[in-house]
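Quick notes on the structure that follows.
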Amino acid sequence: MNLRNQIATLMRYELRDELRGGEVGFVVLPFGVVALLTIPMAIGIDTPLLQRIGPGIYWSIILLFGVLVTQRHSSLAPPATRDMLRLAGADPVARFAATTLATFLLLLAFEVGAGFATMALYDPALDSWWWLAALLPLTAAGLSMIGTIAGNIASGLEARTSLVPLIVVPIAVPLLLGAAQATEGLRVGAGILRWLLLLAIVDTVLAVAGVLTARSLEESAA
Amino acid sequence: MTSPTVSLRSVAVRKPGSLILRSVDLDLAPGSATALFGANGSGKTTLLRVVATLLRPSSGSGVVLGADLGTAAVDGVRRRIGLVGHEPALYPNLTLGENLELAASIALGRPATAEAQDALQQVGLAGAADRRASRSSNGMRRRIEFARLLILAPDLLLLDEAHVGLDPEAWLLVGHLIEEVTGRGGSALIVAHEEERIRPLVDGAVTLGDGVITGHQE
Amino acid sequence: MKRYRAFLIPAAGLLAILVGFLMFNIRDNLVYYKVPDEVVGDASILVSDRFRLGGQVVPGSISSDESTVTFSVTDGKQTMVIVHQGAPQQLFQEGVGVVVEGTWDGDVFSSDSMIIKHDEQYRTDDGGVYTPEQRYPDE
Amino acid sequence: MKARPLDIAAVGTLATAFVAGLVVPPDAVQGDLQRIMYVHVPSAWLAYLSFTVTLVASVAYLRWRSLRWDRIAGAAAEVGVVFTGLALATGMIWGKPVWGVWWTWDARLVLTAVMFFVYLGYLALRRSFDDPELRAHRSAVLGVVAVLQIPIVHFSVTWWRGLHQPPTVLRPDNPQIDAPLLFALLMSVAAFTVVFAALVKRRSEITAKEDEALRFQEAGATAGSDITAPTIGGGSS
């Protein structure tokens with residue numbers, strides 16, 4: 001089977017597994033919306049202020065809760081499935097790509113869902129909102145790749161559920177800055193091309209790193 | 001005489017704080033089935049993972065299906081190894097049928113719906129194909145893994161206490177699988193504790209203890 | 001790695017193009033603080049807009065009462081009057097660079113947060129080279 | 001533990017730098033506060049140096065698979081985290097009286113803080129393994145991936161137009177610092193570098209001993225040897 005078919009098959013089944021589990025839709029997303037709800041309660045109801053900081057809060061929620069989305073793979077599928085796929089002849093790079101793509105789609109759905117919640121709760125003033133069509137996928141792609149790499153690095157470890165966020169969040173700082181600054185740029189009418197390019201560079205670097213390390217990480221199975 | 005399917009020489013596996021395998025020599029002849037006995041915690045599962053090319057030995061050498069362990073050549077033979085481990089290798093939220101299709105599609109390199117249907121029929125799960133893996137009994141999950149092996153048709157069959165929780169009918173399935181593999185010139189290695197039950201199915205047995213193979217029985 | 005060459009080579013090429021484009025073609029405005037020249041006369045700045053303002057403290061412009069400090073900052077082109085709530089920082093003095101944060105009503109900038117912009121010179125007293133003018137030459 | 005040339009050199013240069021830092025005249029504007037620079041600047045330098053060492057050693061491990069490289073990578077990251085923390089702390093102590101705030105959202109500060117947490121994660125990962133080979137392999141991958149991100153983090157935070165002063169010494173034109181102060185600064189940078197080398201060397205030797213002890217322990221115990229037949233139920237005969 002060529003690499004592309006393997007990726008498509010693996011992704012389809014992984015995604016189906018996740019969607020049936022429903023963790024993203026029924027746990028992570030509501031949790032994120034609750035977080036969006038608590039912040040005005042903590043800082044007070046100041047509508048202009050909330051309008052101004054809404055996009056920033058949105059992105060930091062996406063980063064922090066997106067880690068939970070990226071983690072779902074390693075927590076859901078039992079380690080034995082990895083051995084099974086290896087013996088069935090699945091390419092490590094195909095597995096990296098499939099897991100990343102599945103997570104990417106879930107993250108994108110999470111971003112859209114949390115985005116609507118932010119619109120409703122904070123009423124941010126965004127003029128050129130169609131730029132989000134580029135911004136959301138670029139951010140989701142970067143975060144899903146960091147998550148998959150970190151998940152593979154920490155696979156088989158007892159402490160992985162607490163370890164993965166500590167590894168992912170600092171490395172994802174450029175994604176957060178790029179996304180938040182681009183949104184800020186949209187708000188005040190400044191240029192955002194620089195930030196989009198930054199996100200594209202982060203994504204490309206991570207894709208190369210993911211492909212180059214996939215086999216090596218799989219061989220070091222515990 | 002043909003070369004053995006598996007040939008290990010002084011294989012050792014070290015883990016922090018203990019030596020799991022000290023020095024294992026093991027040969028599996030083509031067309032033979034071998035039982036692997038040993039007390040709890042004696043390293044049977046580890047040995048099976050080494051033979052399955054999933055775990056690289058800390059030292060020693062080995063050849064599995066003609067590929068030297070620890071070289072890139074094992075990538076080429078992995079597909080010919082069938083393993084049923086302790087833990088079920090199933091995605092919990094996929095149905096039994098979907099789990100089987102996923103494994104079969106990857107292994108065959110094309111959508112394998114027809115093969116999966118066939119195999120489900122053979123292991124007697126045609127009626128339970130739409131049941132989620134997480135809601136299936138231990139025995140049903142085992143049967144799905146046997147169905148996978150029917151499709152994969154491995155040349156090296158490795159069963160790690162795969163008989164646990166099986167009813168007598170499913171037990172016949174294990175015998176059939178072993179016969180099929182040995183019949184086409186492959187080898188089987190079966191980890192088990194119940195000697196009386198396993199005996200009729202195998203040609204010989206080895207015992208693992210203190211990190212070495214301590215006993216051979218024909 | 002041969003198998004992935006079809007991916008890695010285009011990826012490296014894409015990376016080079018992105019980085020090159022970023023390095024040589026981007027002139028986006030990235031503002032951490034505004035300077036008086038950008039603020040004075042800009043009608044689009046509302047009283048409710050909170051922003052940061054940077055500049056040099058004009059010598060002789062500092063006066064203070066119990067709770068506020070009033071001074072002027074300049075960027076060499078325009079000068080703005082700042083009313084800062086609270087005590088000034090230890091190093092606050094004539095000629096230093098400051099960044100204040102607050103709102104502007106067209107005449108007076110009301111600040112509640114002040115940062116002293118430190119410069120890169122370190123001099124001994126007897127070095128004899130230190131004058132405010134030399135430390136803060138016109139930019 | 002007997003003292004070795006490297007340790008002696010570390011103590012010697014550190015003492016010299018300490019004296020130099022105290023006897024040079026104070027800064028005209030900042031006064032004695034500026035002396036914090038003799039700790040702050042070399043600490044920040046060590047932060048960058050140690051993370052570079054971690055990167056190089058990680059790559060070397062992936063290339064040659066020798067645990068020696070892994071121990072160096074781990075030791076450098078440990079020492080690096082300590083000095084990054086020290087650079088952050090001294091920067092805050094200096095920033096409060098000079099800038100008027102403990103912390104400001106300046107590019108270099110944020111970059112340093114992010115690096116601190118990236119390597120805290122790296123060390124947490126290392127601690128989670130008890131198998132040296134596995135630890136070496138996985139953390140080398142993280143070491144490389146994390147370092148790849150650092151230039152990107154650097155650019156992303158720089159574009160905030162920072163408050164931090166531009167580099168003082170490493171400038172192509174004349175250094176913006178008087179000779180006695182520069183001497184004290186360079187002295188302390190040299191001293192910290194020697195201390196770094198000594199610490200990394202010691203630390204990787206300790207790790208080597210730990211790994212060896214593990215191996216020694218193995219020689220006695222084999223899997224299953226600590227399990228015996230149950231003594232109740234009449235099974236043993």
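Readers should treat all values here as calculations from the given coordinates under stated rules, not as data from a laboratory. This one's a predicted model, so the numbers in the text were calculated from it and none came from an experiment. Neighbour counts are summed over all protein chains in view; Cβ atoms, including those assigned to glycine, are modelled from backbone coordinates with ideal geometry.
Below is a table of values for the structure above.
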{"quantity": "Selection from B:16, D:128, B:159, by position along the positive dipole direction of the protein assembly as shown (Cβ)", "calculated": "B:159"}
{"quantity": "Calculated FRET efficiency for the pair residue B:3/residue D:213, C-beta based, R₀ 41 Å, to 0.05", "calculated": "0.50"}
{"quantity": "Degrees separating the helix A:29-43 axis from the principal Cα axis of chain A, which is the longest one", "calculated": "30"}
{"quantity": "At R0 = 25 Å, FRET efficiency that the Cβ-Cβ distance of residue C:9 and residue B:71 yields, to 0.05", "calculated": "0.40"}
{"quantity": "DSSP-defined beta bridges in chain B - what % are antiparallel, rounded to 5", "calculated": "55"}
{"quantity": "0 to 90° range, to nearest 10: angle between helix A:193-219 axis and chain A longest Cα axis", "calculated": "20"}
{"quantity": "Counted charge near residue B:95, where neighbours are those whose Cβ lies closer than 15 Å (Asp, Glu -1; Lys, Arg +1)", "calculated": "+2"}
{"quantity": "Mean separation of Cα contacts under 8 Å (6+ apart) over length of chain B, as relative contact order %", "calculated": "29"}
{"quantity": "Net dipole in debye of the protein assembly as shown [+1 Lys, Arg Cβ; -1 Asp, Glu Cβ; about Cα centre; nearest 20]", "calculated": "1980"}
{"quantity": "Peptide-level mean, for D:77-89, of C-beta atoms on other protein chains within 10 Å", "calculated": "0"}
{"quantity": "Partners for residue D:209 among aspartates and glutamates (Cα-Cα distance below 16 Å; same-chain residues under 8 apart left out)", "calculated": "D:70, D:130, D:131, D:133, D:218"}
{"quantity": "Eligible aspartates and glutamates near residue B:44 by straight Cα distance, threshold 13 Å, same-chain separation 8 or greater", "calculated": "B:160, B:161, B:210"}
{"quantity": "Beta bridges by DSSP in the protein assembly as shown, antiparallel share as percent, to the nearest 5", "calculated": "65"}
{"quantity": "Charge sum, other residues only, whose C-beta stays under 15 Å from residue A:129's C-beta, Lys/Arg counted +1 and Asp/Glu -1", "calculated": "-3"}
{"quantity": "Normalised per residue, the volume of the convex hull around the Cα set of the protein assembly as shown (Å³)", "calculated": "208"}
{"quantity": "Size of charge dipole - region A:3-219 - debye, nearest 20, with Cβ of Lys, Arg +1 and Asp, Glu -1, no other charges", "calculated": "280"}
{"quantity": "Shielding by partners, peptide B:107-119 (average Cβ within 10 angstrom, other chains)", "calculated": "2"}
{"quantity": "Cα-based helix-to-principal-axis angle, A:47-76 vs chain A, degrees rounded to 10", "calculated": "10"}
{"quantity": "Radius 9 Å from Cβ of residue B:31, net charge of other residues (Lys, Arg +1; Asp, Glu -1)", "calculated": "0"}
{"quantity": "Two-site FRET efficiency, residue C:81 against residue D:63, from Cβ-Cβ distance with R₀ of 51 Å, rounded to 0.05", "calculated": "0.20"}
{"quantity": "Zone of residue B:203's modelled label, taken as backbone nitrogen in region B:10-30 under 18 Å from a point 7 Å along Cα→Cβ", "calculated": "B:26-30"}
{"quantity": "Region D:1-103, relative contact order [Cα under 8 Å, separation at least 6], %", "calculated": "26"}
{"quantity": "Alpha carbon Rg of region A:3-219, scaled by the compact-globule rule 2.2 N^0.38 Å", "calculated": "1.05"}
{"quantity": "Mean Cβ count within 10 Å, highest first, over the residues of peptides D:109-115, C:91-97", "calculated": "D:109-115, C:91-97"}
{"quantity": "Positive-pole candidate from D:47, A:30, C:15, dipole of the protein assembly as shown, charges at beta carbon", "calculated": "C:15"}
